[in-house]
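Shown next, in structure tokens, is the structure this report addresses.
The values are calculated or read from the model by the stated rules, or taken from the named source; none is laboratory data. Because the structure is predicted, anything quoted here is derived from the model rather than measured. Cβ sites come from the backbone with ideal geometry, for glycine too, and all protein chains shown count toward neighbours.
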Amino acid sequence: MPLLNAIVEKSIEIDNKIFLLKVYSPALTANVKPGQFINVRVSETIYPLLRRPFSVCDVEGDYFYLMFNIYGEGTKILSRKEKGEQLDILGPLGNGFNIDGDFDTAVIVAGGLGAAPFPFFTRMIDKEKEVLSFIGGRSSHDVITYEMKNVSVATDDGSRGYHGNVIALLQNKIDELKSKKIKMFSCGPSAMLRALKTFAIENNFECEVSTECAMACGFGICQGCPIESTQHPDKYLLVCKDGPVFNVKDVVI
Amino acid sequence: MSGVDLSLQIGSLKLRNPIMLASGTVGYGNEIAEFADLNKIGAIVTKSLSLNPRKGNAPQRIIETPAGMLNAIGLANVGVEQFLKEKIPFLKQYDIPLICNIAASTIEEYVECTRILTTEDAIKAFEINVSCPNVKEGGLQFGNSCQMVSEITAKVKAETDKPVIIKLSPNVSSIADFAKAVKDEGGDAVSAINTLVGTSFNIFTKRSKLKNVTGGLSGPAIKPVALAKVLEIKQKVDIPIIGIGGIMNWKDVVEFMIVGASAVQIGTLNFIDPYASERIVAELEKYCVENGINKISDLTGSYIL
Ligand SMILES: Cc1cc2nc3c(=O)[nH]c(=O)nc-3n(C[C@H](O)[C@H](O)[C@H](O)COP(=O)(O)OP(=O)(O)OC[C@H]3O[C@@H](n4cnc5c(N)ncnc54)[C@H](O)[C@@H]3O)c2cc1C
Ligand SMILES: Cc1cc2nc3c(=O)[nH]c(=O)nc-3n(C[C@H](O)[C@H](O)[C@H](O)COP(=O)(O)O)c2cc1C
Ligand code: FES
């Protein structure tokens, strides 16, 4: 996990105030796996002070993409980066999704910006495997389907796709899901991950989730990012080093 | 070879240069070693160790603040036994003095930890944390009482021949009184400062952002406070001081040394730029060459008021 100098290619606003930052970094793209993240120093000054973690959204040759919305100061600065600017990144960090398992259908379950790691995931998954993408959001504005395949949408207000949450939509399709050899991969708000955990365990589906936590370092030295372990309740796992992707059975969400 | 002498000595602890890595900001060395060459750093201070493993506080443990961060890790650590078994072998590969930081809930626990750890040759000194703001018992409760600090210093000193450094809290009205207590009981040095107690609330939910409600403030925001504390100690007590707080570059190191620090520790900066410590050593040397300083220890306390 070296510190890398990357060069901004362009910042693109796709719909709904969602930004894509295209960045040149052969050193990163040669090594990164879907679900891994990088920690970005958005400013050389002391404001903001800490790096900001982002999933690697996609990889195309020597370029990678980040996907984000403007949340606070760090993402605002990131959205304004221009072609040619150096970007100080640390990565790849954490463990990615295990996409080479014994399954024939990858079921993606993403909520809001939880869609970020899945374009890369979709690109990298074995061509023999089918991908079904279930995308949830409060309303149509929160639904991100960028570069995803076989998309089914659920919105809480019914403004797009299924009227209800994404787990209810999965429940609706349970017969189809049970007829295939599936593995689920998810990223999104904790309420969604919690509901998905129950759903996956009840139906005995394999499921990996990408979790989030405030981070200071991103590589295991600050102990700032604990997540409760189901197997070892006497100690926490670290989201940055042991995760951010976990088997859903291993963590308390 | 520039001919500049960057070395210094604190009690029997010899350092090749004044740059140390601060407790709690480099774990047990494994991860930072992927970036900085530990063979070039002055010393490494371990995460605070307690007698038994500690799980630490529930999340959220950290939050960024203007030019700083609050942390409430709660002394999560592997405990002394596991440290000796699993963490020391890695550190032994490097030629870097290892300083063990100890945090405890009772005076007996400080003593017991010291007794166990002092038998390990790789450990060159102890730093006693009497100033952690993030645990219920121990920590600040000790750091706020001069008498407790005296007692801990005396009892830990009695348990080991290795240098004992007491890490002081800035959350007191007169830090020099504490430094004096350490000196009177034979302590070899003080480190100043640990984090400042702070908090942060969400204005919409009205809830504290940290689960522990309060946390310790670190980073550049605290540097002026830390410098003032080091100066206060330097002016009133004759004891070596290890300056800590908000160091971001070599200039900050020089500033700490001018106000009285013999050595310094780098904390929060390791999270942002894990190469920084190694680079700062090189930059310090360059500063000395350019300014005709032959021995870096001459800088210590060279302030002009
Ligand atoms: C492994 C991981 C991958 C991520 N991937 C993406 C992504 O692909 N796209 C995206 O838009 N966002 C992603 N995030 C979230 C992203 O890091 C935050 O949106 C970003 O830090 C916001 O920065 P800001 O300065 O704009 O916001 P501010 O609110 O000004 O600053 C964010 C601060 O809040 C802290 N914080 C508190 N709680 C959290 C939390 N639960 N998660 C993150 N930071 C928190 C951070 O430490 C940081 O200091 C990811 C987070 C993690 C941990
Ligand atoms: C995340 C974090 C964890 C820390 N843990 C410890 C600890 O276990 N023991 C200790 O004595 N100090 C601990 N500290 C305090 C630092 O060693 C240092 O005194 C403080 O952060 C100020 O220096 P800085 O501004 O350079 O970070 C911790 C600091 C941070 C930020
Ligand atoms: S973010 Fe520092 S240990 Fe995980």
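The set of residues in the range A:233-253 being part of a loop (DSSP other than H, G, I, E, B) and of a type outside the set (A, V, I, L, M, F, W, C) consists of A:Pro233, A:Asp234, A:Lys235, A:Lys241, A:Asp242, A:Gly243.
Rundown of residues vs (1) of a type in the set (A, V, I, L, M); (2) modelled with pLDDT under 95; (3) closer than 29 Å to B:Asn77 by Cβ; (4) within 16 Å of ligand 3 (Cβ to nearest atom), yes/no style:
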site: A:Ala191; (1), (2), (3), (4): yes, no, no, no
site: A:Arg194; (1), (2), (3), (4): no, no, no, no
site: A:Ser210; (1), (2), (3), (4): no, no, yes, yes
site: A:Cys217; (1), (2), (3), (4): no, no, yes, yes
site: A:Ser229; (1), (2), (3), (4): no, no, yes, yes
site: A:Tyr236; (1), (2), (3), (4): no, no, yes, yes
site: A:Lys241; (1), (2), (3), (4): no, no, yes, yes
site: A:Asn247; (1), (2), (3), (4): no, no, yes, no
site: A:Val251; (1), (2), (3), (4): yes, no, yes, yes
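Count of the range B:265-305 residues, restricted to those that are in a loop (DSSP other than H, G, I, E, B) and closer than 23 Å to B:Glu34 by Cβ, is 5.
When B:Asn71 is tested against the conditions (1) away from ligand 1 (no atom under 16 Å from the Cβ); (2) in contact with a strand residue (DSSP E or B) (Cβ under 6 Å, 6 or more places away or on another chain), the lone failure is (1).
Being over 19 Å from A:Val40 (Cβ atoms), away from chain B (no Cβ under 14 Å), away from ligand 2 (no atom under 16 Å from the Cβ) and surrounded by 21 or more Cβ atoms within 10 Å (Cβ to Cβ) is true for just one of A:Phe246, A:Phe205. Which residue is that? Don't jump to the end; show me each part of the working.
Values: A:Phe205 fails: surrounded by 21 or more Cβ atoms within 10 Å (Cβ to Cβ).
Testing whether each residue is over 19 Å from A:Val40 (Cβ atoms), away from chain B (no Cβ under 14 Å), away from ligand 2 (no atom under 16 Å from the Cβ) and surrounded by 21 or more Cβ atoms within 10 Å (Cβ to Cβ) leaves just A:Phe246.
Out of all the residues in the range A:186-202, which are of a type in the set (Gly, Ala, Ser) and more than 14 Å from every other protein chain (Cβ to nearest Cβ)? Give the steps one after another, and end with the answer.
Filtering the range A:186-202 for residues of a type in the set (Gly, Ala, Ser) gives A:186, A:188, A:190-191, A:195, A:200.
Of everything in the range A:186-202, those that are of a type in the set (Gly, Ala, Ser) and more than 14 Å from every other protein chain (Cβ to nearest Cβ) turn out to be A:Ser186, A:Gly188, A:Ala191, A:Ala195, A:Ala200.
Within the range A:55-78, residues that are free of Cβ contacts under 8 Å to residues at least 12 places away in the same chain have Cβ atoms under 6 Å from residues that are away from ligand 3 (no atom under 16 Å from the Cβ) and among the β-branched types (Val, Ile, Thr) in these pairs: A:Lys76/A:Ile70, counting only partners at least 6 apart in sequence or on another chain. Filter the range B:214-225 down to residues that are within 16 Å of ligand 1 (Cβ to nearest atom) and of a type outside the set (S, T, N, Q), then give me how many there are. The number of residues fulfilling the criteria is 6.
Listed here are the residues, each with its yes/no results for (1) surrounded by fewer than 21 Cβ atoms within 10 Å (Cβ to Cβ); (2) over 16 Å from A:Cys207 (Cα atoms).
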{"site": "A:Cys57", "(1), (2)": "no, yes"}
{"site": "A:Lys83", "(1), (2)": "yes, yes"}
{"site": "A:Leu113", "(1), (2)": "no, yes"}
{"site": "A:Phe134", "(1), (2)": "no, no"}
{"site": "A:Ser152", "(1), (2)": "yes, yes"}
{"site": "A:Gly158", "(1), (2)": "yes, yes"}
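Only one of the listed residues (A:Ile46, A:Ile77, A:Ile89, A:Ile125) is more than 14 Å from chain B (Cβ to nearest Cβ) and not charged (D, E, K, R). That residue is A:Ile125.
Which residue is farthest from the chain's Cα centre (by Cα), if the candidates are limited to the range B:184-208 and must be touching a residue at least 12 places away in the same chain (Cβ under 8 Å) and surrounded by fewer than 19 Cβ atoms within 10 Å (Cβ to Cβ)? Residue satisfying both the conditions and the ranking: B:Ser200. Among the numbered conditions (1) within 20 Å of B:Ala22 (Cβ to Cβ); (2) not in a helix (DSSP H, G or I), the only one that B:Phe142 does not meet is (2).
Of all residues in the range A:31-45, which are buried (at least 18 other Cβ atoms within 10 Å of the Cβ), over 15 Å from the mean Cα position of the chain (by Cα) and in a loop (DSSP other than H, G, I, E, B)?
So the first thing to find is which residues in the range A:31-45 are buried (at least 18 other Cβ atoms within 10 Å of the Cβ), and the list is A:32-42.
Going one step further and asking which of them are over 15 Å from the mean Cα position of the chain (by Cα), we end up with A:40-42.
Matches in the range A:31-45: A:Val42 only.
Filtered by the rule that a residue be within 25 Å of B:Leu117 (Cα to Cα), within 8 Å of chain A (Cβ to nearest Cβ) and surrounded by fewer than 19 Cβ atoms within 10 Å (Cβ to Cβ), the range B:48-70 gives B:Pro53, B:Lys55. Scanning the range A:204-232 for residues that are away from ligand 1 (no atom under 16 Å from the Cβ) and either in a helix (DSSP H, G or I) or among the aromatic types (Phe, Trp, Tyr) (or both) turns up just one, A:Phe205. A count restricted to the range B:76-95 and to residues that are of a type in the set (A, V, I, L, M) and assigned to a helix (DSSP H, G or I) stands at 4.
So which residues in the range B:57-75 are outside any strand (DSSP E or B) and under 15 Å from A:Met215 (Cβ atoms)? Residues satisfying the conditions are B:Pro59, B:Gln60, B:Arg61, B:Ala72, B:Ile73.
Residues that are surrounded by 14 or more Cβ atoms within 10 Å (Cβ to Cβ) and within 14 Å of another protein chain (Cβ to nearest Cβ) were ranked within the range A:3-30; the one that is modelled with the lowest pLDDT is A:Leu3.
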